[in-house]
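Here is the structure we will look at.
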Amino acid sequence: MAPAPVPTDGRAVLVFAAVTLKPVLDAIVSAYKAAHGEEVAIAYGPTPALAKQIENGAPADIFLSAAPVWMDYLVERRLVRRHTRADLVGNVLVLAGRGAPSAETTVTIDRNFPLAETVGAGPLCMCNPADHPAGRYGKASLEALGLWPAVASKIAIVDNPQSAVVMVARGGAPAAVVFATDLKDVTGTRVLGTFPETSHPPIVYPVALTIAAPHGDAADRLITYLRSAEARTVFDRYGYK
């Protein structure tokens, strides 16, 4: 996993955020900067890589993770301010495929879902279950539903869920396990089914200030805004829970 590029001028509040959040976070931070005149820079990347960069001394003020496990990782190492931690939003795990979005009720994937037939010769795109949140949730759900053995040999590992969706849109794969929000505005993709919440750990995005935050007060103001009703409206528009 490639590390996130880090701005070098040091003047702005620096947010380390999971790359899957880029569309919505760009919109929210743009509005925040316009309304409050604060300088904010965002370094996007895979959540595990961001956590490791913070562990190695990267000057992040805020960590916005795609999974609690990586926030826990930094809490255990006393690298984030525990009292500032909050679950910001949630998401839904889905099976994406090619086609136009449908107005019909989304199918809930269960043990009888024809996943092997849907995937065919493959591949089924997903992130690495060993360390990426989307991959971890995906494998957990497929195993819980008894569907993993039928597709385990057909998995294609990608760096992030957006890459998986693009592969599906371009015809490079018949299906992908991704977050529902990753399909937003990607032409030629649709939700084939939704994985039940009971089949995987809760999908939440925790946020916290880092211990070393160089711009602590300004960063705290940004976190307050991210938890505001105004920001929540934008999260809702992009499909977050």
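The values are calculated or read from the model by the stated rules, or taken from the named source; none is laboratory data. The shown structure was predicted, so the numbers you read here are calculated from the model rather than taken from an experiment. Here the Cβ is made from the backbone with ideal geometry for all residues, glycine too, and neighbour counts use every protein chain on show. What goes into the accessible areas is simple: the full protein's heavy atoms, side chains included, and nothing from ligands, DNA or RNA. Shrake-Rupley method; radii C 1.70, N 1.55, O 1.52, S 1.80 Å.
Explain nothing, just compute: Karplus ³J(HN,Hα) = 6.51 cos²θ - 1.76 cosθ + 1.60, θ = phi - 60°, for every residue of region 224-241 in order, whole Hz, x for Gly and Pro.
4, 5, 4, 9, 7, 5, 4, 5, 4, 4, 6, 4, 4, 4, 8, x, 7, 9
Antiparallel DSSP bridges in the chain: what percent, to the nearest 5?
Values: 18 of 34 bridges.
Looking only at bridges with both residues in the chain, the antiparallel portion is about 55 percent.
Using a simple spin-label model with points 7 Å from Cα along the Cα→Cβ vector, what separation in nm is obtained for residue 27 and residue 228?
The modelled label-to-label distance comes out at 1.7 nm.
Ignoring ligands, DNA and RNA, please state the percent of accessible area on the chain from carbon and sulfur, probe 1.4 Å. Intermediate results must be reported in sequence, preceding the final value.
Details: 5640 of 10910 Å².
It is 52 percent, rounded to a whole number.
Can you give me the accessible area per residue for the chain, using a 1.4 Å probe, in Å²? All intermediate terms of the calculation are to be shown ahead of the outcome.
Working: 10910 Å² over 241 residues.
With all protein chains present, the chain gives 45 Å² per residue.
Once fully extended, how much extra length lies between residue 185 and residue 34, figured as 0.36 nm per residue of separation less the alpha-carbon to alpha-carbon distance? Each step should come with its number before you reach the end.
On the way: separation 151, 0.36 × 151 = 54.36 nm, distance 2.45 nm.
Using 0.36 nm per residue and subtracting the Cα-Cα distance, I get 51.9 nm.
If r is the Cβ-Cβ distance from residue 170 to residue 150 and R0 is 22 Å, what FRET efficiency results, to the nearest 0.05?
0.35
Any chance you could give the angle, 0 to 90 degrees and rounded to 10, that helix 133-144 forms with the longest Cα principal axis of the chain?
Rounded to the nearest ten degrees, it is 40.
Provide the per-residue ³J(HN,Hα) series for region 179-193, in order, calculated from phi with Karplus coefficients 6.51, -1.76, 1.60 and θ = phi - 60°, each as a whole number of Hz, with x at glycine and proline positions.
7, 4, 5, 6, 8, 4, 6, 9, 4, x, 10, 8, 7, 7, x
Can you check what the net charge comes to around residue 177, using other residues whose Cβ is under 13 Å from the Cβ of residue 177 (Lys, Arg +1; Asp, Glu -1)? Please list the in-between numbers first.
Working: positive: 136, 139, 154; negative: 143, 182.
Once all neighbours under 13 Å are counted, the net charge is +1.
Using amide H atoms built in the peptide plane, which far-off residues or other-chain residues are under 5 Å from residue 125 H to H?
Residues meeting the amide H criterion: 156, 175, 176, 177.
Taking the Cα centre as origin and putting +1 on Lys and Arg beta-carbons and -1 on Asp and Glu beta-carbons, what dipole magnitude results for the chain, to the nearest 20 debye? The partial results should precede the final answer.
Values: 22 positive and 22 negative charges, 26 e Å.
Result for the chain is approximately 120 debye, rounded to the nearest 20.
Suppose each label sits 7 Å from its Cα in the direction of the beta carbon; what would the residue 121-residue 143 distance come out to in nanometres?
3.0 nm
Find the relative contact order for the chain and round it to a whole percent, using C-alpha pairs within less than 8 Å whose residues are 6+ positions apart. Intermediate values should be presented prior to the final figure.
Numbers: 480 pairs, mean separation 71.4, N = 241.
Result for the chain is 30 percent.
Distance between the C-alpha centers of region 211-227 and region 44-72? Whole Å please.
Cα centroid of region 211-227 versus Cα centroid of region 44-72: 15 Å apart.
Where the only charges are on Cβ atoms (+1 Lys, Arg; -1 Asp, Glu), what is the dipole of region 103-241 about its Cα centre, to the nearest 20 debye? Present the calculation step by step, with values, prior to reporting the outcome.
Values: 12 positive and 13 negative charges, 19 e Å.
Here region 103-241 has a charge dipole of around 100 debye.
Convert 10 °C to kelvin, take the viscosity as 1.306 mPa s, use the Kirkwood radius over C-alpha pairs of the chain as Rh, and evaluate the Stokes-Einstein diffusion coefficient in µm²/s, rounded to a whole number.
Working: Rh = 18.4 Å.
Once the numbers are plugged in, D ends up at 86 µm²/s.
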